[in-house]
Every structure is written in C-alpha cells, then in structure tokens.
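Novice: One structure, as structure tokens, below. Some questions next.
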Amino acid sequence: MIHTSKLLFLVLLVTCAANIPSAWSKDATASLEGRWTAPSLSNPKVQIVFALLSEGKATEEVGSYRGTGTWKLENNAARIHWGSGWVGVLRPATRGGYELLTWKAKTLLTAPPDDIQPAKRLR
C-alpha cells in the first residue's frame, strides 16, 4: 500500500516531468519546420508543396489548391491534420531522407496509409 504523501509526490513528479520540454523535442520540431515537397496522391504528376510553420501551423499547395492545417511532433514525426480532413505524417525514412504518409479524409489512422512518398526539404 502506498502512503498518501508518497502517492502525491509521485503524481507531482510525473506531472512536472511531462511538462518539462526536452531539448531534443525542441530540436526535432525545429528540424521539421520549413517547406517540403512530395508527389501528390490525388494527382501524381503534381507535387504537394507544404510548409510546417512555428506554433503548429501548416500550409499546403497542390496545383491551384491552397489549404491550411495544424501539425505537432509525435514520435520523431510531424503529424499534420489538414482542413480538408486528410492527415499526413512526415517522418524520417528507414533508408535515409524523409517520407510523407497520407490518409484520405475519413480514413482511420489505424489503417495503413493511402500513400507513402519520398519527401524533400525545399528550404
């Protein structure tokens, strides 16, 4: 049986640890910020150009289409939720570089992605 004071200490310790931003997560977030490109699932001849901006904002261009969304760092990857309902994950690729995984709107994220394409940083 855990004494009440020990339990309160553990709760406080876990709460504090969860709220301390690590240097790694700041570095990882900063390393993913910027402009990227990848082939489009809806039109493979057209490149998606997307930007991961500070404060969790994202923009995308696919041909003449312009969209916005939000992103956050999860497990070394940027999970992007687009206003259109699509979801993207920009992550390091197994063989180096980066890849963009995409799920169409209304697709469960537990399902395999609808597309996986190499992604390149523009700047």
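Novice: Taking the alpha-carbon set of the range 40-119, what are its Rg and Dmax in Å?
Specialist: Rg then Dmax for the range 40-119, in Å: 11.9, 32.
Novice: Once a ≥ b ≥ c are taken as the square roots of the eigenvalues of the Cα gyration tensor of the range 82-123, is the result rounded (a/c under 1.5), prolate (a/b larger than b/c) or oblate (a/b not larger than b/c)?
Specialist: oblate
Novice: What does the charge count around residue 85 come to, taking other residues whose C-beta lies under 10 Å from its C-beta (Lys +1, Arg +1, Asp -1, Glu -1)?
Specialist: Taking every other residue near residue 85 into account, the sum is +2.
Where a number appears in this text, it was derived from the coordinates with a stated rule and is not lab data. What you see is a predicted model, and the numbers here were worked out from it, not measured in a lab. So basically every Cβ, Gly included, is an ideal-geometry build from the backbone, and we count neighbours across all protein chains shown.
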